[in-house]
1. Can you work out the Karplus-derived ³J(HN,Hα) for every residue in segment 86-92? Use 6.51 cos²θ - 1.76 cosθ + 1.60 with θ = phi - 60°, whole Hz, and x for glycine or proline.
2. For segment 1-90, run through the GluC sites (Glu not before Pro) and keep only the ones in DSSP coil with at most 13 other Cβ atoms within 10 Å of their Cβ.
3. Describe numerically, in nm with one decimal, the distance between label points set 7 Å from Cα along Cα→Cβ at E74 and at Q3.
4. Quick one: Debye curve from the alpha-carbon atoms of segment 1-51 only, equal weights, vacuum; give me log10 I(q)/I(0) at q = 0.22, 0.23 Å⁻¹ to two decimals.
5. How far apart, in nanometres, would the label points at S31 and T182 be if each is projected 7 angstrom from Cα along the Cα-to-Cβ direction?
6. Starting from the Kirkwood Rh over alpha-carbon pairs, what translational D in µm² s⁻¹ does segment 4-103 have by Stokes-Einstein at 4 °C and 1.567 mPa s?
7. If one takes the longest principal axis of the Cα atoms in the chain, at what angle in degrees, from 0 to 90 and to the nearest 10, does the Cα axis of helix 53-75 lie?
8. Compute the Rg to Rh ratio over segment 53-200 from the alpha carbon atoms, using the Kirkwood formula for Rh, and round to two decimal places.
Amino acid sequence: MRQAEKTQITRARILAAALEEFGQKSYADASVNSICALGHIPKGLFYHNYKSKDALYLECVKLCYHQMVAYMKERCPQSGDVKERLRQFLLIRQAFFEENPGFSNIFFNAVLQPPEHLVKELTDLRTDFNGYLTQSYLQILQQLPLRKGVTPGMALEYFLGVCEVFNGYFRKQAEQAGDYHTLIHDHEDKLSWVFDVMLYGIAAQDSPD
């Protein structure tokens, strides 16, 4: 076996152990020692392949986003009733988390409890994921008659702003003591309502102007 193949196999073992570790713990609670123990990897070999815990954590987050986008692209409907498409979008997102609980933990820790010194790097890793959300939202907007004076660009800016405020609210909640799994469930439960309000507002459709 050539050295390049050995290196590839070793990195795959380390990554698999890291996905298990970060898939169960927060960034702060995870450790290189535990990753090495899980993968039966000498610490020296770990640092030969990854310069730090940070580098490995970022690779795990990157893989999480990549797998999530691929999963949703394959399953989310590209046409049909707007409300049904939105419902399916959220159901498929939820299905991904249920089928991949490790990725669920990695995703929500990166979004709701990001290590302060890695915020920029984590934001950069969200580029493709955010791009997919943006594309999906714009496709849905094409099926809706927008209010007079509202352009797709304005609607998109509003969408991105609301998403940031929404996640910011849950970041603050995550800083407080409590059941983290309940917080994640609350986040996903309210997300459906937030999306609906962004598209249709809070006023009854038959209310007077």
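1. Using θ = phi - 60°, the values come out as 5, 4, 5, 4, 6, 5, 5 Hz.
2. Listed in order of number, the matching sites amount to none.
3. Roughly 3.6 nm, to one decimal.
4. So the normalised log intensities work out to -0.74, -0.80.
5. 2.9 nm
6. 85 µm²/s
7. So the helix axis and the longest Cα principal axis differ by about 40 degrees.
8. Ratio of gyration radius to Kirkwood radius for segment 53-200: 0.96.
Readers should treat all values here as calculations from the given coordinates under stated rules, not as data from a laboratory. Worth saying up front: this structure is predicted, and the values here are computed from it rather than measured. No Cβ is skipped: glycine too gets one built from the backbone with ideal geometry, and neighbour counts run over all protein chains shown.
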